Amino acid sequence: MAIIDKGSGKDGFVPRTEFLPFSPPVIEKEEIEEVIDTLRSTWITTGPKTGLFEREFAQMFGAEAALGLNSCTAGMHVALAALGIGPGDEVITTPNTFCSTCNVIEHVGATPVLVDVERDTMNIDPSKIEAAITSKTRCLLPVHYSGHPVELDTINAIAQKHGLFVVEDAAHPVSATYKGKYIGSSSNPTAFSFYATKNLTTGEGGMLTGTAEFIAKAKVVSLHGMSREAYSRYDKAGSWKYDVGFAGFKYNMTDAAAAMGIWQLRHLARNQARRREIVERYNAALGGSEFFETPTERPEVRSSWHLYVLRLNLETLTIDRDVFIEELKARNIGSSVHYIPIHMHSYYRNKYGYKPEDFPIAYSNYLRMISIPMNVKITNDEVDDVVAALFDIAEKFKR
Ligand SMILES: *Cc1c(COP(=O)(O)O)cnc(C)c1O
C-alpha cells in the first residue's frame, strides 16, 4: 500500500481544494422549463414530446426512424429480441465495454463470444472477427468505445459475407461520424444511451435507430408485444382492441425524459465543440510525455469524445494504475476506468471459464487506462489542474 501524498508542492504544484467530479450532467433552464411544461400537461408517459424527440433525433443524425426508450440497454435487448436472436445463437462482441452490452445477449438466451480489441482505438478488432464466427453466429454487436466509431465498413462487409445482423452499441458516439456519416444513419439497429453521464442525457433514457420497418417491429417488442395492426384495418383509431403476439418488454420513454432530451439535443453541437477544445488542451499538455499515451482519433472519423481515456506507460512509473487513481483522488481529481473487461467479471468468468490473458490487448490496456475528467462543465483552469496533478504524480513516482 503506497502512502498517499497530498501533493509535494514541488515545482509549485498546488492541489485543488475542491473535488473535481469526473462527469457531472449539464442541465439548463430550457430543459427544466420543458419538464415543467410536461408535468403541467396531461401527458406524463410516452406522448407528444417523445414523438418530437424521436423525429428531431432521427433528422439530426440521418436515421430512417428512431424509437425513444428508457435506456440503451433496453435498446440493445429489444434489437436482439426483434431480430429473433435466442437460445442456440452466438453474438460476437467486445470485452472492452460496459456489462450491459453482454448482459442483453444473456437476456435473450444467446451466447456472447468475445473478440479482442485493436491496440489504438480499443474497439473490437475486425481482423479477428472471422476466426470467431461459427455456424451458430447470428449477430455482431460492436461498441463505439469512448465515442470513436468502429471500423464499420469492414464489420458490415464481414456480416454481409456470413449473413449476420449487426447491432451497434452507440452509448458513446452521439454526433460522431464515420467516413462523413453519422453513427445512427446506417440501417443497422443502433442503440444510444442518455444515462446521466453521457454526452446527451435524459437522466435515464435511450434511442434505438434503424429502418422504419425494423423500428415499427421494435416498438411492439418494447411495449408488451402489443399490436393494434390486426384490428386497425377495420376499427376506428383509439380502439380498445389489441393483440399480444410476443411476450414483450416495458421499455418506453416518458415525456418528462423526452422533454430534457429535446433541449439536450439542441444544445449538443455547442457542447460537442467545447468537448473538442478540452481534448485539444489535454492533447497539447499530455501528448509526447514519456508517462502517458493520449487517445487517438483516426483520420476517417470524428469521435464524440464521450471519454478521454489516458493510458499510463507503466514501465516509466513505480506505481500501478489503481494507486495512480488514489493519488489523483488525494489531489481532488475525480477519474474512472472504462471498463473492467467483461471476461473479468465473476458471472462471465465462472460461466465461460475466461482467464484475464484470453483477451491480451483488452487486458493489458485495462491495466493502464484512466478516464480523466471530460465534460462540458470543466473550465480551462480545471483542465490545467488535472494536467498538473497528473505530472505531479508521474514525477513523484518516476521509475
Ligand atoms: C452507458 C452504457 C451502456 C448502457 O446504457 P444505459 O442507457 O444506462 O442502459 C451500454 N453500453 C455502454 C458502452 C455504455 O457506456
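Apart from one condition, Ala273 fits all of (1) farther than 20 Å from Arg119 by Cβ; (2) crowded, with 21+ Cβ neighbours inside 10 Å; (3) out of contact with any helix residue (DSSP H, G or I) (no Cβ under 9 Å at 6 or more places or on another chain); the exception is (2). Residues of region 95-102 include at least one that is crowded, with 19+ Cβ neighbours inside 10 Å, in contact with a Leu (Cβ under 7 Å, 6 or more places away or on another chain) and assigned to a loop (DSSP other than H, G, I, E, B). Within region 177-198, which residues are away from the ligand (no atom under 13 Å from the Cβ) and in a loop (DSSP other than H, G, I, E, B)? Passing the criteria: Lys179, Gly180, Gly184, Ser185, Ser186, Ser187, Asn188, Pro189. Taken together, the criteria place Val337 among residues that are under 23 Å from Phe22 (Cβ atoms) and either surrounded by fewer than 18 Cβ atoms within 10 Å (Cβ to Cβ) or basic (Lys, Arg) (or both).
Test Tyr354 against the criterion of being more than 16 Å from the ligand (Cβ to nearest atom) and buried (at least 17 other Cβ atoms within 10 Å of the Cβ), and give yes or no. When the stated conditions are applied, Tyr354 passes them. Filtering region 74-100 to residues that are under 17 Å from Ala159 (Cβ atoms) and within 16 Å of the ligand (Cβ to nearest atom) leaves Met76, Ala79, Leu80, Val91, Ile92, Thr93, Thr94.
Flag: Ala212 does not match the condition of being over 12 Å from the mean Cα position of the chain (by Cα), within 16 Å of the ligand (Cβ to nearest atom) and more than 27 Å from Arg276 (Cα to Cα).
Readers should treat all values here as calculations from the given coordinates under stated rules, not as data from a laboratory. Everything numeric here is computed off the predicted structure, so don't read it as measured data. FYI the Cβ positions are ideal-geometry reconstructions off the backbone, even for glycines, and counts take in every protein chain you see.
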